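Here's the structure, in C-alpha cells; my notes come after.
The values are calculated or read from the model by the stated rules, or taken from the named source; none is laboratory data. Keep in mind the model is a prediction, meaning the values are calculated, not measured. In this analysis, Cβ positions are derived from the backbone assuming ideal geometry, glycine residues included, and neighbour counts consider all displayed protein chains. Calculation scope for accessible area: heavy atoms of the full protein, side chains included, ligands and nucleic acids excluded. Shrake-Rupley method; radii C 1.70, N 1.55, O 1.52, S 1.80 Å.
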Amino acid sequence: MIFSGDLAAGSDHLETELAERMGMSRTPVREALLTLENQGLLIVRPRRGVRILPVSADDMAEIYDVLTELESLAAENAAKLSLGEEDLKGLAQAIDAMDAALDADDLVAWASADEMFHAELVRLGGNSRIVTIVDRLQDQVRRARASTLYMRPKPLRSNEDHRAVFDAISKGDEVTARTRHRAHRQDAKQTLVALLEKHRLKGL
C-alpha cells in the first residue's frame, strides 16, 4: 500500500485502522510495521500510530552510493568468471524485455525488467553478502523509482548502458564491466536525486 500510494507519504495511520483495512489482527500488523520502520518506510510513534515517510533525496543519494560500489564489484566479479551464454541468459532476457517495454512505451514493464537485470547482475557476481545487502535496499529504490517513473526522460541511455555491461561481462572485460556499470549507476543517482529535490520529496 505504501508503494502504490494508498498510504501516502506524510499520512498518519492508527494500528487498529490498518488492521481493519487488511482484515487481520493487530499483532501481525504491529510486527510488519516494525519491519517497515527498520526499512525506513515509516516511523512508529507510541500511542499516535505511524507516519508514512516521504522518499528522501538524501537517503536515496546514500543508498545509490552503496549500490553503485557493490553492483560495480559484482559486475567485475561476473566478468572474471568466464560465463557462457547459458549463464548470461537471465541478463540477456532482461535487456530484451527492457527494449520491448520501451518500444511499447510501457514504463512499468521497463522498471520491472530493469530490476530483474540488476538482481541477476548481483547474483552472477557470486558474493552472497552483496546479494543480501542489495536486496535489503531494493524496497527503498523501488518506491523512489515508482514515485518518479513518469517524471524522468525515456530511459534509452539506460538500456544502452545495460547492453554495454552485458557485452563486457560476456567478453571477460572486468575493467569495462565495472567502470561502465559504475558510470551507469552514478547517472541514475543524479537523475533520481535531482527529481526528488525538484519535487521537494526530502523527508520529514
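Overview of values
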{"quantity": "Scope the stretch 110-133; condition open to solvent by 40 Å² or more (accessible area, probe 1.4 Å) and either touching a His at 6+ places or on another chain (Cβ under 6 Å) or in a helix (DSSP H, G or I) (or both); matching residues", "calculated": "SER112, GLU115, MET116, ALA119, ARG123, SER128, ARG129, VAL131, THR132, ILE133"}
{"quantity": "Those residues of the stretch 70-84 which are out of contact with any Asp or Glu (no Cβ under 6 Å at 6 or more places or on another chain), touching a residue at least 40 places away in the same chain (Cβ under 8 Å) and open to solvent by 10 Å² or more (accessible area, probe 1.4 Å), in sequence order", "calculated": "LEU70, LEU73, ASN77, LEU81, SER82, LEU83"}
{"quantity": "Selected residue [in contact (Cβ under 8 Å) with a residue 12 or more places away in the chain and open to solvent by 80 Å² or more (accessible area, probe 1.4 Å)] from LEU196, LEU156", "calculated": "LEU156"}
{"quantity": "Residues located in the stretch 88-108, provided they are over 19 Å from PHE166 (Cβ atoms) and part of a helix (DSSP H, G or I)", "calculated": "LEU107, VAL108"}
{"quantity": "Hey, ASP6 open to solvent by 70 Å² or more (accessible area, probe 1.4 Å) and in contact (Cβ under 8 Å) with a residue 60 or more places away in the chain or not", "calculated": "no"}
{"quantity": "Evaluation of LEU91 against (1) over 19 Å from TYR64 (Cβ atoms); (2) open to solvent by 20 Å² or more (accessible area, probe 1.4 Å) (one fails), failing number", "calculated": "(2)"}
{"quantity": "Single residue of the stretch 52-67 satisfying the filter (farther than 19 Å from ILE133 by Cβ and not small (Gly, Ala, Ser)) that is most open to solvent (accessible area, probe 1.4 Å)", "calculated": "ASP58"}
{"quantity": "So LYS189, is it closer than 22 Å to LEU107 by Cβ, out of contact with any Gly (no Cβ under 6 Å at 6 or more places or on another chain) and open to solvent by 80 Å² or more (accessible area, probe 1.4 Å)", "calculated": "no"}
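For every residue, the table says whether it meets (1) within 18 Å of LYS189 (Cα to Cα); (2) among the hydrophobic types (A, V, I, L, M, F, W, C); (3) in contact with a helix residue (DSSP H, G or I) (Cβ under 6 Å, 6 or more places away or on another chain).
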{"residue": "TRP110", "(1), (2), (3)": "yes, yes, yes"}
{"residue": "PHE117", "(1), (2), (3)": "yes, yes, yes"}
{"residue": "GLY125", "(1), (2), (3)": "no, no, yes"}
{"residue": "THR132", "(1), (2), (3)": "no, no, no"}
{"residue": "LEU137", "(1), (2), (3)": "yes, yes, yes"}
{"residue": "PRO155", "(1), (2), (3)": "yes, no, no"}
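Let's see how each residue does on (1) of a type in the set (S, T, N, Q); (2) under 15 Å from the mean Cα position of the chain (by Cα); (3) more than 22 Å from ILE2 (Cβ to Cβ):
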site	(1), (2), (3)
ARG45	no, no, no
LEU53	no, no, no
ASP58	no, no, no
ALA74	no, no, yes
GLU85	no, no, yes
LYS89	no, no, yes
VAL108	no, yes, no
